[in-house]
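Have a look at the structure below before the remarks.
Computed from the coordinates by the stated procedures, all read-outs in this text should not be read as laboratory data. It should be emphasised that the depicted structure is a prediction, and the values quoted were computed from it without experimental measurement. Note that each Cβ is placed from the backbone with ideal geometry, even for glycine, and that neighbours are counted across all protein chains shown.
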Amino acid sequence: MNDGGGRLWVFDDTPLTASSTARNIPPLTLYKSFQQAVPAASCAWRRQGASIVYRLTALFVAACLVPAAASAQNASHWGVVVSFAPEHSWKVIPKMTEFLFDPGENVDVRSTDFRIGIARGRDLGGDWGVSYVRRNIADGSRFENTTEICTGNTQCVTALSEFALTRGVTQIGVEVHKFIPFVTIKRRAQIGLNVAGGVSKFEGVVEFHEFDDAFIFDPRTGQVTNRRTESVSTRSMKDIPTFSPFPFGKVEAAVAFILAPGVKIRGSGGFDFPGYTMFSLTGVFLFGAR
C-alpha cells in the first residue's frame, strides 16, 4: 500500500523502492497488495461522492421550496371589499347629462356612495370583485335650463326656463371591478388603475318646475311686460327611459397600502360615468392570507 511517501508496502512489511525492484518480488504478492488497496480507495471516493450528492440534493430541495413558499405567500384568496365615497366627492359632468336628462344645462348633484361585495386577490397583486352599489342622491340636487328673455325695448335677461329637484332618489345596482397594480413599492404600497362597470336602476321622484312667459303690450305706456307662470309636476325615476336601466362605469387612478397580510386600503379618483369622483376609500380584506 502507498504510505504517502512514495513507497509501496507488501504484506510482509517490506518497503518496495526503486532499489528493491531487483529483489524479484513475486507477482502474486504485488497483485494481492493492489487488490487490497483499490477497494479502500474506492470506498473513500464513494463516501466523498455521496456527500456531494447529498449536498446537491439538499440545495435542489431548498431551491424548490423557496419559490413555493413565496408563491404560497402571494397566493390568491377570497375576501370582502367595502368602498365609501363621502358627499360632494362625486360630481356630474353637465355635458353628459344633457344626453340623459332634460333639464341638464346646469347641474348640481351631490351623493354618498357605498359598495360592499366579494373579492378575490393577492396581497402583492391586484384584485377583482362583484359588489352591491348604493348611491344616495342628496335631496334638492338640481338640474336646470336657462333661456334668454328679450322685451320690445331690446333689453334681454337670462332666466330659468325649467329646473328639476331630486326627492329621495337612490341608485341601486351591481358592479364588477378590477384593480390593476402597475408597480409595488417595498411590498407596502401599490400604484395602479381601478376599472369597474355595472348596471343599475333609480328609485325616487323628480320634481319638475316649468316656466311659461307671456309678453303683454301696454298701449298706454308703450311698454312690453313679461308675465311668468310656473307649473310644478313630479315624475318617478322609473318612468324616465334613460334611467331604467342605467349602465355605469369608472376608470380611476388608485394608490393602495398593504397594512397587514390580507388587509389592503385603497384610495382612488377619476372618471365615474356620468361624472367623476374626486376621492373614494376602499378596503379589501382577504381570508387566509399570511
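Protection proxy ranking, highest mean first, for peptides 127-134, 214-221, 276-283: 127-134, 276-283, 214-221, where packing is the per-residue count of other beta-carbon atoms within 10 Å, averaged.
The residues packed around Ser200, meaning those with a beta-carbon under 13 Å from its beta-carbon, carry a net charge of +2 if Lys and Arg are +1 and Asp and Glu are -1. The label-point distance for Lys91 and Ile185, in a model that sets each label 7 Å from Cα toward Cβ, rounds to 2.6 nm. Put a dot 7 Å past the Cα of Arg167, heading toward its Cβ, do the same for Ser76, and the two dots end up 4.9 nm apart.
Residues Ile93, Ile185, ranked from the fewest to the most other C-beta atoms within 10 Å, line up as Ile185, Ile93. Here is the P(r) of the stretch 99-257: all C-alpha pair distances, binned every 5 Å from 0, give 2, 8, 12, 14, 12, 10, 9, 8, 7, 5, 4, 3, 2, 2, 1, 0, 0 in whole percents. Setting aside same-chain residues fewer than 8 positions from Lys186, which aspartates and glutamates have a Cα under 13 Å from its Cα? List returned: Asp123.
Candidate cross-link partners of Lys201 among the lysines, defined by an alpha-carbon separation under 26 Å and a same-chain spacing of 8 or more, comprise Lys91, Lys95, Lys178, Lys238, Lys250. Between Asp239 and Phe215, the modelled labels are 3.3 nm apart [label points 7 Å from Cα along Cα→Cβ].
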